[in-house]
1. Tell me the Kirkwood hydrodynamic radius of segment 4-298 in angstroms, computed as one over the mean inverse distance between distinct C-alpha pairs.
2. On a C-alpha basis, how far is the centre of segment 1-47 from the centre of segment 146-206 in Å? Whole number, if you could?
3. Could you let me know the centre-to-centre spacing of segment 92-121 and segment 207-255, using Cα atoms, in angstrom?
4. Cα to Cα, under 18 Å, and not fewer than 8 places away if on the same chain: which lysines meet these conditions relative to residue 129?
5. Which pairs in the list 93/115; 17/222; 38/82; 210/244; 241/293 are over 18 Å apart, alpha-carbon to alpha-carbon?
6. Roll a 1.4 Å probe over the protein chains and send me the accessible area per residue for the chain in Å².
7. On the protein heavy atoms, probe 1.4 angstrom, tell me the percent of accessible surface of the chain carried by carbon and sulfur.
8. Given N residues in segment 60-174, what is Rg(Cα) / (2.2 N^0.38 Å)?
Amino acid sequence: MTWGIIATWEMALEGVKHASYMLEKGLSAADSMEEAIKMVEDNPLYTSVGYGGLPNEKCEVELDAAFMDGNTLSVGAICGIKDFKNPISVARKLNEERFNIFLVGIGAEEYAQEKGFERKNMLTEESKKAWEKRVAEMKDKNLSPYDGHDTVGMVCIDKNENLVTGTSTSGLFMKRKGRVGDSPIPGSGFYADSEIGGATATGLGEDIMKGCMSYEVVRLMKEGLHPQKAAEKVVHEFSEKLEKRRGKAGAISIACMNKNGEWGVGTNVEFTFVVATDKERPKVYIANRDGNKTAFQEA
Ligand code: SD4
């Protein structure tokens, strides 16, 4: 029976390995993906997600996360949450609610507290030092404050044909307090429909949002495109549109998987991702733009 998981960025490898054991054993896509994302959130070496995430301009770690259940189309999302250990778990809990499924800032924190989620100071000494260094660089070298980000996003399908997607991120380094990217926004940072497939995006949220890119990829898979064709078409056509209309396009990468466990990626920058399915062991790939296509190979 088919199972599969695809995740953005090499940092997801340990989590994907763990999830693939769970999926092989027949555990659910939701549990497997949540565990995989938590492993990325908990690792302070991954400085763009969860503990040790990249701080905002005020040196606070504000986190965004989302969870979508492709069977019921339920979504749970939070943004700008501070000092909770696993934002993905809070987002997953919210997807069980009928109302108030998308919470921001203090409201999200109050919900997490009420539901008993673990609090944790998410700012590490290392992320504070990175912030201080960037402040100095911005003054001395006129460097852009906004280089540095990487969202973990996953699409996961289990043996019972349940399909979920999830995202977790600290967003852009040095973002303005209260800034939200695409990652918690349904249709932009993620989308899932168990009858079709799922997609998740990473890159410059400000540009990804302009094209509702994850929904677009799922829509094209519904029309019958292979995931690879769908992802590269959406990324390259939209990047071109942004270049034409605005003079430039930010970094955009999308990973997707259909209900049969076939997968694809589209990217306009160098992008690593991780895949495991019942037919292939967990592997890291590196992808790059190749004209109006995306080329990738095992890393
Ligand atoms: C955001 N898309 O907040 C996220 C950041 C990211 O790779 O994914 N960077 O805009």
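1. Details: mean 1/r = 0.0540 Å⁻¹.
Evaluated on segment 4-298, it is 18.5 Å.
2. Spelled out, the Cα-based centre of one part sits 14 Å from the other.
3. Cα centroid of segment 92-121 versus Cα centroid of segment 207-255: 31 Å apart.
4. Straight-line reach from residue 129, under 18 Å: 58, 139, 141, 175.
5. Values: 93/115 9 Å; 17/222 29 Å; 38/82 16 Å; 210/244 14 Å; 241/293 15 Å.
With Cα atoms farther than 18 Å apart: 17/222.
6. Working: 13020 Å² over 299 residues.
Value returned for the chain: 44 Å² of accessible area per residue.
7. Details: 6310 of 13020 Å².
Using a 1.4 Å probe with all protein chains present, the chain comes out at 48 percent carbon and sulfur.
8. Values: Rg = 16.4 Å, N = 115, 2.2 N^0.38 = 13.4 Å.
Normalised Rg, Cα atoms only: 1.23.
The values are calculated or read from the model by the stated rules, or taken from the named source; none is laboratory data. Predicted, not measured: the structure shown is a model, and the values here were computed from it. Heads up, the Cβs are rebuilt from the backbone with ideal geometry, glycines too, and the neighbour counts pull from every protein chain shown. The protein model used for the area step is the full one, side chains on, heavy atoms only, and it has no ligands, DNA or RNA in it. Shrake-Rupley method; radii C 1.70, N 1.55, O 1.52, S 1.80 Å.
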